[in-house]
Amino acid sequence: MCWPRCKPPRACTGCWSIPPPCGRTRWRPGPKKDSPCGQALGRSRGGFTTKLHLSCDAYGRVCALALTGGQAGDCPQAPGLLRGHLRPGQAVLADRAYDAGYVRAQIQQAGATAVIPSKKNRIVCLEHDAEIYKERNRIERAINGLKRFRAVATRFDKRAANYFATCCLIAALTWL
């Protein structure tokens with residue numbers, strides 16, 4: 001089945017664009033292969049940067065990874081990271097950057113508890129369990145465990161696929 005009309009190329013979001021399934025429509029590809037947009041590089045104060053988003057279990061083992069440009073927000077990555085990993089009765093710990101209604105709704109639909117402090121600009125502040133939130137340092141320790149490896153900490157890889165494969169390989173080592 002062909003697409004009825006051609007979609008315009010996506011803005012520079014750091015996501016890879018996928019062409020239509022058939023060649024009958026005119027398709028303008030997204031960013032060039034070597035452009036910073038296509039390689040999960042984003043502008044920030046320090047220059048080109050890459051963000052590595054992850055979710056981990058209670059033991060600090062990495063469960064899911066996502067790679068975006070440095071300017072990308074944290075919250076839009078949360079649904080993909082949490083999908084398939086939520087269980088009823090589980091507590092999901094996250095920092096203020098993940099305080100959004102749709103993230104909390106996804107956690108609640110799975111039967112889990114959201115332990116996320118409210119943002120300062122939220123009109124109605126939501127309570128969270130401060131004692132359970134202290135365990136969030138396990139997530140930080142999991143990130144630092146990945147950064148022990150120089151290839152993850154510095155990202156010398158030109159291609160995003162190579163860097164992501166390195167991160168996945170090192171994340172798999174946390175399960176051994």
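The values are calculated or read from the model by the stated rules, or taken from the named source; none is laboratory data. Not measured: the values here are computed from a predicted model. FYI the Cβ positions are ideal-geometry reconstructions off the backbone, even for glycines, and counts take in every protein chain you see. Accessible surface is based on the protein model in full, side chains and every heavy atom, while ligands, DNA and RNA are left aside. Shrake-Rupley method; radii C 1.70, N 1.55, O 1.52, S 1.80 Å.
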Only residues that are within 20 Å of Q39 (Cβ to Cβ) and open to solvent by 90 Å² or more (accessible area, probe 1.4 Å): list them for region 148-176, please. R150, F156, K158, L169
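Residue-by-condition table, conditions (1) more than 18 Å from the chain's Cα centre (by Cα); (2) more than 14 Å from L52 (Cα to Cα):
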{"residue": "C75", "(1), (2)": "no, no"}
{"residue": "H85", "(1), (2)": "no, yes"}
{"residue": "D95", "(1), (2)": "no, yes"}
{"residue": "G101", "(1), (2)": "no, yes"}
{"residue": "D129", "(1), (2)": "yes, yes"}
{"residue": "Y133", "(1), (2)": "yes, yes"}
State all residues of region 136-147 that are open to solvent by 80 Å² or more (accessible area, probe 1.4 Å) and either touching a Pro at 6+ places or on another chain (Cβ under 7 Å) or touching a residue at least 12 places away in the same chain (Cβ under 8 Å) (or both); if no residue qualifies, say none. R138, R141
Quick check, is A91 crowded, with 18+ Cβ neighbours inside 10 Å, under 23 Å from V62 (Cα atoms) and not β-branched (V, I, T)? no
G111 fails exactly one of the following numbered conditions: (1) open to solvent by less than 50 Å² (accessible area, probe 1.4 Å); (2) part of a helix (DSSP H, G or I); (3) farther than 16 Å from H53 by Cα. What is the number of that condition? (2)
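Among the residues in region 17-29, are any at pLDDT 60 or above, in a loop (DSSP other than H, G, I, E, B) and either farther than 18 Å from Q77 by Cα or open to solvent by 70 Å² or more (accessible area, probe 1.4 Å) (or both)?
The answer is no; no qualifying residue exists.
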Answer from G89, G84 - the residue that is part of a loop (DSSP other than H, G, I, E, B), small (G, A, S), modelled with pLDDT of 90 or more and over 24 Å from R45 (Cβ atoms): G89
